[in-house]
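Written out below as structure tokens is the structure these notes cover.
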Amino acid sequence: DAVERALAQAAEGYDVFRAYTSSIVRKVLKSRGEIVPSLEEVLEKLANESYDTVFVQPTHLLCGNEYDEKIRASYMRYAGRFLRGGIGKPLIANNDDLLKLAEILAALKPDDADALLLFDVSAGENHIQSLLLYMGHGTTHFANMVYPAMQTALRLQGHPNVVVGTVEGWPTLENAIDELRALGAKHIELRPMMLVAGDHAQNDMAGDDADSWKSHLTAAGFDVHCTVEGLGELEDVQRLYVEHLKAELK
């Protein structure tokens, strides 16, 4: 909602409509009495109501399956019914987006993380006791490479105390745990690298059952604190989406 409000404010003079690409989310919301249409349903409505200029701004994180198979494909089926329009980019669409988001993610690290960076002269290795771990969704799409690229960007920007893993892609939680141990981490701040802190963040990440990331990390000997906050709640992230929309409207 926060991202949508920021986008609506930036699109002055335009009517704003909401659509969800996820049929699962639409079904759950419908069971609660909230009807949210698919993108094709909205485009059909706009075409029938004689709108001549239609822009679609995704609020997805990356150019994955939802972007390719649902947003781009749906829009192209309707593009001929509008005089003008286009499709904006998701949050991470190029190197510049990646680097900007990396700085935002790193800025959310625990306050004492830098103070706890210790150097073991005898071992010649850095041991970071307090560390920030992000849980991304992950995808079978090649766009999953955004996650290891984000890890690399964080390192090159001087943030060795931020690690990235995914629920359904690569790097995995096991990869992340290996990295945490190699860094000598003791205290973990666990956050979702997702627009919304929904089911994955509340259950897969911060849940109390044995399969959650929090439980796995605790069992592995780490002291874990979870912050269940979606990226969309951050004003800096909202500004990145607005930049994409304004570039499209130009």
Within the accessible area of the stretch 143-250 (1.4 Å probe), percent carbon and sulfur: 50
Karplus 3J(HN,Hα) series, Hz, for the stretch 20-28 with 6.51 cos²θ - 1.76 cosθ + 1.60 (x for Gly, Pro): 10, 7, 7, 5, 5, 5, 4, 5, 5
Long-range HN-HN contacts of residue 55 with modeled amide H, under 5 Å: 86
Probe 1.4 Å, all protein chains present, accessible-area order of 55, 17, 222, largest first: 17, 55, 222
Cut-off 13 Å (backbone N to label point 7 Å along Cα→Cβ of residue 16), residues of the stretch 26-57: 57
Cα long-axis angle, helix 235-249 against the chain (0 to 90 degrees, to the nearest 10): 40
Most fluctuating residue given options 189, 233, 12, as computed from a GNM of the chain linking Cα atoms under 10 Å: 12
Ratio Rg/Rh [Cα only; Rh per Kirkwood] for the stretch 9-97: 0.97
Most mobile listed residue (33, 64, 85) in the chain, GNM with C-alpha springs under 10 Å: 33
Selected from 133, 83, 46 as most flexible by GNM, with the chain as the system and alpha-carbon contacts under 10 Å: 83
Alpha-carbon Rg with Dmax, taken over the chain, Å: 20.1, 73
The stretch 1-52-the stretch 175-250 distance, computed between alpha-carbon centres (Å): 26
The chain - mean residue ellipticity at 222 nm from DSSP helices (-39,500 (n - 2.57) per run, n ≥ 4, rounded to 500): -10500 deg cm²/dmol
Set of aspartates and glutamates with alpha-carbon distance to residue 89 below 15 Å, sequence-local pairs under 8 removed: 4, 66, 68, 69, 97, 243, 248
Accessible area (Å², per residue) of the chain, counting only protein heavy atoms and a probe of 1.4 Å: 53
Spin-label pair residue 35/residue 157, simplified geometry with 7 Å Cα→Cβ offset, distance in nm: 4.3
Rg [Å, one decimal], Dmax [Å, integer] - the stretch 188-247, C-alpha atoms: 14.3, 47
About the Cα centre, charge dipole magnitude for the stretch 154-228 (Lys/Arg +1, Asp/Glu -1 at Cβ), debye: 380
Amide H contacts of residue 163 (H built 1.01 Å from N, under 5 Å, at least 5 apart or other chain): 132, 133, 134
Relative contact order, percent, the stretch 175-250 [alpha-carbon distance under 8 Å, six or more residues apart]: 34
Sequence-separation-based contact order of the chain, relative, with Cα cut under 8 Å and 6+ spacing, percent: 19
Signed unit charges on C-beta, dipole axis of the chain, positive-most listed residue 102, 245, 197: 245
Cβ-based charge dipole, the chain, positive-most Cα from 28, 215, 170: 28
Degrees, to the nearest 10: 95-106 long Cα axis against longest axis of the chain: 50
Backbone HN-Hα couplings from phi across the stretch 46-53 [Karplus 6.51/-1.76/1.60, Hz, Gly and Pro as x]: 5, 5, 5, 8, 6, 5, 10, 10
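The values are calculated or read from the model by the stated rules, or taken from the named source; none is laboratory data. Keep in mind that what you see is a predicted model, and the values were worked out from it rather than measured. All Cβ positions, glycine included, derive from the backbone under ideal geometry; neighbour counts span all protein chains shown. Keep in mind that these areas ignore ligands, DNA and RNA; they rest on the heavy atoms of the full protein, side chains included. Shrake-Rupley method; radii C 1.70, N 1.55, O 1.52, S 1.80 Å.
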